[in-house]
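Take a look at the structure set out below.
FYI, it's all coordinate maths here, none of it is from the lab. Nothing here was measured: the structure is a model prediction, and the numbers come from that model. Heads up, the Cβs are rebuilt from the backbone with ideal geometry, glycines too, and the neighbour counts pull from every protein chain shown.
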Ligand SMILES: Nc1ncnc2c1ncn2[C@@H]1O[C@H](COP(=O)(O)OP(=O)(O)O)[C@@H](O)[C@H]1O
Ligand SMILES: [Mg+2]
C-alpha cells in the first residue's frame, strides 16, 4: 500500500489431499482470502509456489492458467458474483463454454445440477429475481458443473441467515463427497466447520494450527 509493505502471508507450507474438506479459520485480515486467491491461481505469490495435481500453476502463462482453472478449479464467492444479464441456467452453463460441448449439452448439464440444488423451477430467473440463498445455490451449481478437481469457497455463507447457510454448506459437502472432489473453504461459523475434515487456522498471515477434526459430520447428503 503506497510505501507501506503489507505482508499478507508468511511461511505457509501446506499440502491438501484429494477428497479433503478443509476449513480455513482466522480473524478478519489474517490472510484467508489472500491464501485462497493464491491457491486458486487468481493472485500470484511474490515468493513461493503452488502445485495442483503436480502442475506448478505459477509457471503457467496467462492463457494456460486460465485454461487450467477452467478445467480444474471451481470458486464460490461470498457475494455470489453471478452475471446479472444471464439467467440461472446460462450462468451455470458458462464454465462449460470452454469444454467443447454444444449448447444443448451444456444447458442440459447445467439444468441437471440446478435441479440437484433445488432450483429446477428457477432456471429462467435472473440473479436479481432470486434470494441470496438461491443465488448462492446457483453459484454452487456453477462451481461444480464442470466437475473440477478442487473447489475454493471464500465465506460462501457470509451473507446468508443461519438456516440457509447450513443448507448451502450441506450442498457443497454433498457434491464434494459425491464426486470425490476437494473443498477448501473459509467460514467463521463453528457449526459449519463441523462438516470439515480438517481445520487450518491463520493468524497474521501464518498457520497457527492445522488439525484434523475429530467429530466431522459424516451424514449422507443426497445430491
Ligand atoms: N489489495 C491489497 N493491498 C494491500 N493490502 C491488502 C490487500 N488485500 C488485502 N490486504 C491486506 O492483507 C492482509 C490479509 O487480507 P485478507 O487476505 O483479505 O484477509 P482475510 O480474508 O482473512 O480477512 C490484511 O492485512 C489486509 O489488510
Ligand atoms: Mg477475506
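Below 8 Å, C-alpha to C-alpha, sequence gap of six or more: please give me the relative contact order for region 1-85 in percent.
Relative contact order here is 17 percent.
Roughly what angle does helix 162-178 make with the longest principal axis of the chain, taking Cα atoms, 0 to 90 degrees, to the nearest 10?
Around 90 degrees separate the two axes.
Taking the Cα of residue 18, stepping 7 Å toward and past its beta carbon, and measuring to each backbone N in region 63-95: which are under 20 Å?
68-75
If you take the square roots of the eigenvalues of the alpha-carbon gyration tensor of region 1-58 and sort them as a ≥ b ≥ c, do you get rounded (a/c under 1.5), prolate (a/b over b/c) or oblate?
Oblate, because a/c is 1.5 or more while a/b does not exceed b/c.
In whole Å, what is the distance between the alpha-carbon centres of region 153-223 and region 16-78?
17 Å
Just to be sure I understand the model, the point goes 7 Å from the Cα along the line to the Cβ. What's the resulting residue 7 to residue 219 distance in nm?
So the label points at residue 7 and residue 219 sit 4.4 nm apart.
Given an 8 Å cut-off on Cα distances and at least 6 residues of separation, report the relative contact order of the chain as a percent.
Over the chain, the number comes to 31 percent.
Could the peptides 200-207, 96-103 be put in order, highest first, of the mean number of other beta-carbon atoms found within 10 Å of their residues?
Result, highest mean first: 200-207, 96-103.
Counting each pair of different Cα atoms once, what's the Kirkwood radius of region 124-223 in Å, rounded to one decimal?
Hydrodynamic radius (Kirkwood, Cα pairs) of region 124-223 is 14.5 Å.
Once the Cα gyration tensor of the chain is diagonalised, what are the square roots of 5 times its eigenvalues, in whole Å and ordered largest first, as equivalent ellipsoid semi-axes?
28, 21, 17
Can you give me the Kirkwood hydrodynamic radius for region 31-95, using every pair of distinct Cα atoms, in Å to one decimal?
It works out to 13.3 Å.
Once both axes come from the Cα atoms, what is the angle between helix 62-72 and the longest principal axis of the chain, in degrees from 0 to 90, rounded to 10?
70 degrees
Determine the gain in length on full extension of the stretch residue 179-residue 104; use 0.36 nm per residue of separation and subtract their C-alpha separation, reporting nm with one decimal.
Extra length available between residue 179 and residue 104 comes to 24.7 nm.
Taking square-rooted eigenvalues a ≥ b ≥ c of the alpha carbon gyration tensor, is region 21-153 rounded, prolate or oblate, where a/c under 1.5 means rounded and, failing that, a/b exceeding b/c means prolate?
Oblate.
In region 21-212, what % of DSSP beta bridges are antiparallel (nearest 5)?
Beta bridges within region 21-212, antiparallel portion: roughly 30 percent.
Tell me the angle of helix 132-144 to the major Cα principal axis of the chain, expressed in degrees between 0 and 90 and rounded to the nearest ten.
80 degrees
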